[in-house]
Structure formats: structure tokens, C-alpha cells
Amino acid sequence: MTQRDTDEAIITAQLGRPPRGIHAIGHRCPCGNPDVVTTEPRLPNGTPFPTTYYLTCPRASSLIGTLEGTGVMRQMQDRLATDPELATGHRAAHEAYLADRAAVGEAGGFDVPEIEGISAGGMPDRVKCLHVLAGHALAAGPGVNPLGDEVLELLGEWWAKGPCVPSSTDD
């Protein structure tokens, strides 16, 4: 089994369904499993897909869902309106996201005018999905997506209990 086959088996187990449009592994969890996939801007069935960085780890996703339920998104949204530095960083994250998606599209020969200028997660002016912000922060690294970095800090070490799914597909 190739590394790509192993990664796709793990991602299928994480999502509970086969992944679609994987371009690359965007980030690996400290446990070694993929936790973010970089997705093609157009899915195999032709659907435009603006979510370039898709969080696959069910443990991190669940914790983020819990965070979303606590009002963190509203607090972040309110801060965007009153903190010019944060708003500038959020807009820069949007631009970085668009540049990354353009590079993925170019590498794959995709032209997707339907989503031109649209990033994800509510960027550049809103906070709509913490999963997207965290996925971008993991894939891009610290300092690129300030709100994504905050989400990751709030999560703590979600991987500390070990892999969310077995990394070996040899059963």
C-alpha cells in the first residue's frame, strides 16, 4: 500500500466517507495521521469547492464544534469590528488563502471563476466557520491566520490521547 493509499484510508475513517478532490495532505497531526487535506478547487464531479483546507480529524472537529457552541465565533466577530490589527490580519489570511487556492488550481489545471475572490470561514469580514480557520492555520503555519491560531490554542493538545483513528490499515 502506498503512503497516499494509507492516507486516504485514514481520511476515509476520519470522515466516515471517502474523501473528494484531495490535492495533498495539508498538515499532519503530531500523531502522524493527516488532519488537514488540501482540496482541489473543483471536485471530481465538477462542483466548485472553496474550502481549500479541510479539517479531517474528528477529535479536533468535535472540539471546534463545542467551541462554536460557546459563542467564540460571535466574540471573534465583535473583535474584528473593534480591533484594526486583528481585522488587517484576518484580511491578510483571506488573501493568503486565495493565493494558496490559486496555486492549487494552477497546479491541477483548474479554472474556477465561480469562487473567485471567495475564501472560506467568513473571511475577510466575518467569522463563519472555526473549522476552516483552524485548518488554514494548521496548513499555513503560525502567524498566517490569527483567528485560526487562536482556535488552535483554545483546543489544546487534541492529539494527546493518541491517534483519532488507527494509523495502520493492516487488520
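The values are calculated or read from the model by the stated rules, or taken from the named source; none is laboratory data. Computed from a predicted structure; not experimentally measured. All Cβ positions, glycine included, derive from the backbone under ideal geometry; neighbour counts span all protein chains shown. With ligands, DNA and RNA removed, areas are computed over all heavy atoms of the protein, side chains included. Shrake-Rupley method; radii C 1.70, N 1.55, O 1.52, S 1.80 Å.
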### Query
So which residues in the stretch 19-38 are open to solvent by less than 10 Å² (accessible area, probe 1.4 Å), out of contact with any Asp or Glu (no Cβ under 7 Å at 6 or more places or on another chain) and not β-branched (Val, Ile, Thr)?
33, 35
### Task
Return the residue satisfying two criteria in turn: it lies in the stretch 111-125 and is assigned to a loop (DSSP other than H, G, I, E, B), touching a residue at least 24 places away in the same chain (Cβ under 8 Å) and open to solvent by 50 Å² or more (accessible area, probe 1.4 Å), and of such residues it is farthest from residue 136 (Cα to Cα).
125
### Close pairs from the stretch 148-163: first at pLDDT below 95, partner assigned to a loop (DSSP other than H, G, I, E, B), Cβ under 6 Å, at least 6 apart
159/29; 159/30; 159/31; 163/31; 163/33
## Note on the structure
Residue hits (the stretch 128-171; open to solvent by less than 30 Å² (accessible area, probe 1.4 Å) and touching a Lys or Arg at 6+ places or on another chain (Cβ under 8 Å)) are 158
### Query
If you go through the stretch 7-18 one residue at a time, how many are over 16 Å from the mean Cα position of the chain (by Cα), within 17 Å of residue 38 (Cβ to Cβ) and open to solvent by less than 40 Å² (accessible area, probe 1.4 Å)?
2
